[in-house]
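The values are calculated or read from the model by the stated rules, or taken from the named source; none is laboratory data. Predicted model, so just to flag it, every value in this text is computed and none were measured. Ideal geometry is used to build each Cβ from the backbone, glycine not excepted, and the neighbour counts take in all protein chains shown.
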Amino acid sequence: MPFKKNDPIFIAGHKGLVGSAVLRLLKKRKFSNLIIIEKKNLDLRNQSKVENFIKRKKPKAVILCAAKVGGIKSNNENKAEFIFDNISIQNNVINSAYKNGVKNLIFLGSSCVYPRNCNQPIKEKYLLNGLLEKTNEPYAIAKIAGIKLCEAYNYQYNLNYKCLMPTNTFGKNDNYNLEESHFLPALIKKIHLSKINNKKNIYLWGNGKSKRELIYVDDLADAILFFLTKKTKHSLINIGTGVDKTILEYTKMLFKVIGYNPKIKYIKKNLSGTPRKLLDISLAKKYGWKYKSNIFKSLKKTYGFYLEEDF
């Protein structure tokens with residue numbers, strides 16, 4: 001990385017799943033001038049406050065991990081907040097970075113920006129080639145707006161703003177609130193609660209047949225730092241493992257990790273989401289980045305973090 005170890009780097013959203021992993025990795029690599037701020041002290045939806053903060057701190061680079069995120073139920077029930085909050089955060093941080101001379105920025109999106117029924121694996125060029133999944137459409141539209149904003153600023157102002165589209169991410173500091181969480185932390189919590197309460201059944205949303213790709217959050221943090229200052233011809237780059245499994249297969253892996261084997265009962269079968277989301281990661285590989293973690297070992301680590309975090 002061409003940064004000096006004392007160059008100021010702003011990590012927006014440093015307490016979340018991805019932001020905290022980025023912060024840990026930067027500290028591990030001995031970067032000493034890391035700019036972070038609590039949400040209560042800076043509302044990223046407030047344009048003037050964000051502009052003043054970035055003007056005062058003068059970061060050399062910005063890593064935008066902050067976002068309003070949630071699982072299928074939360075997305076479906078809070079559409080207004082998901083589109084407004086995310087567009088506000090993105091616009092304020094990206095525009096303030098440009099206005100204050102920040103040349104390098106990473107914007108994090110999500111694989112849900114791609115059409116619901118597009119070809120698999122999903123290439124970056126499939127963006128805007130079809131209809132989105134209805135249950136998370138507002139979030140996806142917000143993230144697409146962020147991608148297009150970065151592309152426009154790169155084109156018009158010769159910047160190095162990159163949009164990384166990670167697949168489903170898991171690891172330390174995940175959200176285990178069953179009303180808001182993504183499928184993997186929800187699975188971990190449901191199986192664990194079944195175990196400690198000696199329940200014979202576990203109730204899962206959907207039908208277990210939807211396929212999902214997972215990436216361990218430490219691998220995503222590594223990708224973020226890898227691409228932060230790298231000059232690329234592409235501003236949109238998929239980040240994943242290139243491997244997917246059904247929700248049922250992940251459930252059975254977690255049975256082994258947690259040491260419990262309840263009977264699966266499916267409820268809310270309309271909440272299955274997109275049938276399959278497997279990213280084409282050939283572009284990231286072409287630039288020289290590849291994931292490193294083993295899925296089963298990463299699930300074991302994550303369950304250990306859950307036991308520390310959620311109790």
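Within the range 155-192, which residues are within 17 Å of residue 220 (Cα to Cα), touching a Gly at 6+ places or on another chain (Cβ under 7 Å) and of a type in the set (Gly, Ala, Ser)? Within the range 155-192, no residue meets the criteria. Cβ-Cβ distances below 8 Å connect the following pairs, each with a first residue in the range 60-83 that is under 20 Å from residue 103 (Cβ atoms) and surrounded by fewer than 21 Cβ atoms within 10 Å (Cβ to Cβ), a second residue that is among the hydrophobic types (A, V, I, L, M, F, W, C) and modelled with pLDDT under 95, and a separation of six or more residues or different chains: 60/3. With respect to the conditions (1) modelled with pLDDT under 95; (2) in contact with a Gly (Cβ under 7 Å, 6 or more places away or on another chain); (3) surrounded by 14 or more Cβ atoms within 10 Å (Cβ to Cβ), residue 274 lacks only one, and its number is (2).
Of the residues 292, 252, 297, 245, which is out of contact with any Ser or Thr (no Cβ under 6 Å at 6 or more places or on another chain), surrounded by fewer than 18 Cβ atoms within 10 Å (Cβ to Cβ), closer than 19 Å to residue 173 by Cβ and at pLDDT 95 or above?
Numbers: 292 fails: closer than 19 Å to residue 173 by Cβ; 252 fails: closer than 19 Å to residue 173 by Cβ; 245 fails: closer than 19 Å to residue 173 by Cβ.
From the options 292, 252, 297, 245, the qualifying one is 297.
Suppose the filter is at pLDDT below 95, out of contact with any strand residue (DSSP E or B) (no Cβ under 6 Å at 6 or more places or on another chain) and of a type outside the set (Phe, Trp, Tyr); does residue 68 pass it? Yes; evaluated as a whole, the condition is true for this residue.
With respect to residue 178, determine if the residue is of a type in the set (A, V, I, L, M, F, W, C), under 22 Å from residue 82 (Cβ atoms) and at pLDDT below 95. For residue 178, the condition - of a type in the set (A, V, I, L, M, F, W, C), under 22 Å from residue 82 (Cβ atoms) and at pLDDT below 95 - is met. For the range 91-104, state whether one or more residues are of a type in the set (Phe, Trp, Tyr), modelled with pLDDT of 95 or more and either crowded, with 22+ Cβ neighbours inside 10 Å or part of a strand (DSSP E or B) (or both). No, there is no match, as no residue in the range 91-104 is of a type in the set (Phe, Trp, Tyr), modelled with pLDDT of 95 or more and either crowded, with 22+ Cβ neighbours inside 10 Å or part of a strand (DSSP E or B) (or both). What are the residues in the range 168-224 that are touching a residue at least 24 places away in the same chain (Cβ under 8 Å), more than 16 Å from residue 247 (Cα to Cα) and polar (S, T, N, Q), if any? Scanning the range 168-224 gives 173, 175, 194, 201.
Residues that are assigned to a loop (DSSP other than H, G, I, E, B) and surrounded by 17 or more Cβ atoms within 10 Å (Cβ to Cβ) within the range 105-119 comprise 109, 110, 114, 115, 116, 118, listed in sequence order. Count of the range 124-156 residues, restricted to those that are surrounded by fewer than 14 Cβ atoms within 10 Å (Cβ to Cβ) and assigned to a loop (DSSP other than H, G, I, E, B), is 4. Beta carbons closer than 9 Å, at least 6 apart along the sequence or on distinct chains, pair a first residue in the range 39-54 that is surrounded by fewer than 17 Cβ atoms within 10 Å (Cβ to Cβ) with a second that is part of a loop (DSSP other than H, G, I, E, B) and of a type in the set (A, V, I, L, M, F, W, C) for 39/66; 49/42.
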